[in-house]
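**Q** Sending over a structure as structure tokens; questions will come in a sec.
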Amino acid sequence: MLSERPGEKLNTYVPDYVVFDLETTGISCTSDEVVEISAVKVENRQIVDEFSTLVNPGMPIPAAASEVNGITDDMVQDSPTFEEVLRDFVDFIGDFTLVGHNIHTFDMKFIQRDALRYFGQQIGNDYIDTLQIARLYLPELGHHRLTDLADHYGIDSEGAHRALNDCRMNQQVFEFLSREIENPSEAARNVRVCPLCGSPLKMRNGRYGDFWGCTAYPECRYTKNVQ
């Protein structure tokens, strides 16, 4: 939903939500554009609807991006612009909570930028980042990429890096993570949490010795001395 204020980031589980994912021409929310957006709507833990479309970014897709997501200029040349697509996406999500992997530092920045660009408002839906949830509740894992979590839970990751496939995979991961939230391990209960943004803190080493730093850096710059 469009709003004068952006939604808040939550560290919890909800049974009704929309998982979404973007594919883009690159990682910069200043100079890059969306080339694909997909979403799955979930009610009472079950997928009830899907949304997916390629997007004409109005610029050439770099070869490096195509190597990751498999989307080329020829595939998007007759696709709608993101202004058209974003309006349909807003209608699709309604007031549902949004869910996605690494959306706090990536996907939300793109859709908030373009909501302001095209409509003069922001996306007001609250959202949950499964990357942050995984770091909080599965601290024993060495990596927390979506495919890492899929492997951890025995979920098929074939077709990763296309938006709709990632949404379907992420929905399954989020349902497994709900069990971690409801019954956290001892390791999860001992995770230090940033008081500013709710992200896990990680021990780091600086010129003056060890300190606790927020894993959401550089978006959050909270630190605390070990002593």
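**Q** Restricting the search to the stretch 49-70, which residues are over 20 Å from Val18 (Cα atoms) and touching a Lys or Arg at 6+ places or on another chain (Cβ under 7 Å)?
**A** Asn69, Gly70
**Q** Let me ask another. Could you look through the stretch 9-32, keep only residues that are of a type in the set (Asp, Glu) and more than 16 Å from the chain's Cα centre (by Cα), and pick out the one that is surrounded by the most Cβ atoms within 10 Å (Cβ to Cβ)?
**A** Result: Asp32.
**Q** Then there's this: Spot the failing condition for Ser52; the list is (1) outside any loop (DSSP other than H, G, I, E, B); (2) at pLDDT below 95, and only one is missed.
**A** Only one criterion in (1) outside any loop (DSSP other than H, G, I, E, B); (2) at pLDDT below 95 is unmet by Ser52, namely (2).
**Q** Mind telling me which of the residues Val226, Val193 ends up being more than 16 Å from the chain's Cα centre (by Cα), β-branched (Val, Ile, Thr) and over 19 Å from Leu131 (Cβ atoms)? Explain how you work it out, then say what you get.
**A** Numbers: Val193 fails: over 19 Å from Leu131 (Cβ atoms).
Among Val226, Val193, only Val226 is more than 16 Å from the chain's Cα centre (by Cα), β-branched (Val, Ile, Thr) and over 19 Å from Leu131 (Cβ atoms).
**Q** Based on this model, can you work out whether Thr105 counts as touching an Asp or Glu at 6+ places or on another chain (Cβ under 9 Å), β-branched (Val, Ile, Thr), assigned by TED's automatic domain parsing to the domain that holds Pro6 and surrounded by fewer than 19 Cβ atoms within 10 Å (Cβ to Cβ)?
**A** Yes; evaluated as a whole, the condition is true for this residue.
**Q** A further question on this structure: Do the conditions hold for Val42, that is, is it among the β-branched types (Val, Ile, Thr), touching a residue at least 60 places away in the same chain (Cβ under 8 Å) and over 17 Å from Gln112 (Cβ atoms)? Write out each step before concluding.
**A** Working: among the β-branched types (Val, Ile, Thr): yes; touching a residue at least 60 places away in the same chain (Cβ under 8 Å): yes; over 17 Å from Gln112 (Cβ atoms): yes.
Judged against the criteria, Val42 is a match.
**Q** If the requirement is being under 16 Å from the mean Cα position of the chain (by Cα) and free of Cβ contacts under 8 Å to residues at least 12 places away in the same chain, which of these qualifies: Asp148, Asp129, Asp107?
**A** Asp148
**Q** Name the residue that is surrounded by the most Cβ atoms within 10 Å (Cβ to Cβ), counting only residues in the stretch 67-83 that are within 28 Å of Leu131 (Cα to Cα) and polar (S, T, N, Q).
**A** Asn69
**Q** Residues to consider are Gly142, Gly159; find the one that is out of contact with any strand residue (DSSP E or B) (no Cβ under 7 Å at 6 or more places or on another chain) and either on the phi < 0 side of the Ramachandran plot or buried (at least 21 other Cβ atoms within 10 Å of the Cβ) (or both).
**A** Gly142
**Q** If you scan the stretch 8-20, which residues turn out to be in contact with a Gly (Cβ under 6 Å, 6 or more places away or on another chain) and either outside any strand (DSSP E or B) or closer than 17 Å to Thr81 by Cα (or both)?
**A** Asn11, the sole residue that qualifies.
**Q** Another question, then. Name every residue in the stretch 101-150 that is under 20 Å from Pro218 (Cβ atoms), of a type outside the set (A, V, I, L, M, F, W, C), modelled with pLDDT of 95 or more and not in a loop (DSSP other than H, G, I, E, B), in order of residue number.
**A** Of everything in the stretch 101-150, those that are under 20 Å from Pro218 (Cβ atoms), of a type outside the set (A, V, I, L, M, F, W, C), modelled with pLDDT of 95 or more and not in a loop (DSSP other than H, G, I, E, B) turn out to be Asp107, Lys109, Gln112, Arg113, Tyr127, Asp129.
**Q** Return the pair list, or none, for Cβ contacts closer than 7 Å from residues in the stretch 46-70 that are among the charged types (D, E, K, R) to residues that are assigned to a helix (DSSP H, G or I) and surrounded by 13 or more Cβ atoms within 10 Å (Cβ to Cβ), at least 6 apart or on different chains.
**A** Glu50/Leu164
**Q** Is it the case, given these coordinates, that Asp166 is closer than 19 Å to Gly70 by Cβ, surrounded by 21 or more Cβ atoms within 10 Å (Cβ to Cβ) and either of a type in the set (D, E, K, R) or not assigned by TED's automatic domain parsing to the domain that holds Gly7 (or both)?
**A** The answer is yes for Asp166.
**Q** Tell me, which residue of the stretch 197-224 that is touching a Leu at 6+ places or on another chain (Cβ under 7 Å) and of a type in the set (A, V, I, L, M, F, W, C) is surrounded by the most Cβ atoms within 10 Å (Cβ to Cβ)?
**A** Cys214
**Q** With the condition kept exactly as written, say whether any residue in the stretch 84-101 is closer than 23 Å to Glu158 by Cβ, aliphatic (A, V, I, L, M) and crowded, with 16+ Cβ neighbours inside 10 Å.
**A** yes
The values are calculated or read from the model by the stated rules, or taken from the named source; none is laboratory data. All values derive from a computational prediction rather than experimental measurement. Cβ: placed from backbone, ideal geometry, glycine included. Neighbour counts: every protein chain shown.
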